[in-house]
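What follows is calculated from the coordinates using simple rules that are stated; it is not laboratory data. Since this is a predicted model, take the numbers as computed values, not measurements. Quick reminder, even Gly has a Cβ in these numbers, built from the backbone with ideal geometry, and neighbours come from all protein chains shown.
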Amino acid sequence: MSEPRANYESSTDIELVSLAQEGNTRAFDELVRRYTPKLYGMIYNMTSNREDTADLLQDVFAKAYRSLKRFMGRSSFYTWIYSISVNMTLNFLKKRGRYHKVSLDDVDTGIENDPEFIKVTTANGGTMRDVHVHELQKRLNEAMMRLSEDHRTVVTLYDIQGLQHSEISQILGVSEGTVRSRLFYAHRQLQNYLEDFIK
């Protein structure tokens, strides 16, 4: 008889990885369950397309499963899976075309419903009292899509996913200084795009 799922829910990532490396697919299923919401959010915030996100997420977990035996634990599992996700998403965006025009009517607005994200990107603009939220969501989406992939990635990981500079540095394979400067630039760009609207 198979073990109850609750046993897996209380396991650490490393325990699950170790079991999955030995061929335990239910342990890997628990990792998928654990990381799907955050990775979905991260990929979606970079692509602004639910269908692409679902396809990419499936590809990410397939690649992670195939590569699991090579995971040595030198970083945390979540840094490793985030790295795979970011790299695959950036490759997808490059293939899709850097200046691919996304119609706002075709874009799902999920990212901008996040109050923390709205607070960060409107930090210098005073209160939200007079802002029509639906319009702000559209503006935020448009502003995010105008950022380069590199800048959209750091905003997504830091402001939306809540990762630390050190974690983003590991995931992207760049220095913390680079992460900070990209964030500074991206925040300034977002605030510039939204300036007229949030005064």
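Remark: T36, T53 ranked as T36, T53, counting other beta-carbon atoms within 10 Å and listing the fewest first. Ordered by the count of other Cβ atoms within 10 Å of each Cβ, fewest first, D52, D159 give D52, D159. Annotation for region 1-100: chymotrypsin sites (Phe, Trp or Tyr not before Pro) lying in DSSP loop with at most 11 further Cβ atoms inside 10 Å of their Cβ are Y99.
Spatial offset of region 136-199 relative to region 31-62 amounts to 19 Å, using the alpha carbon center of each.
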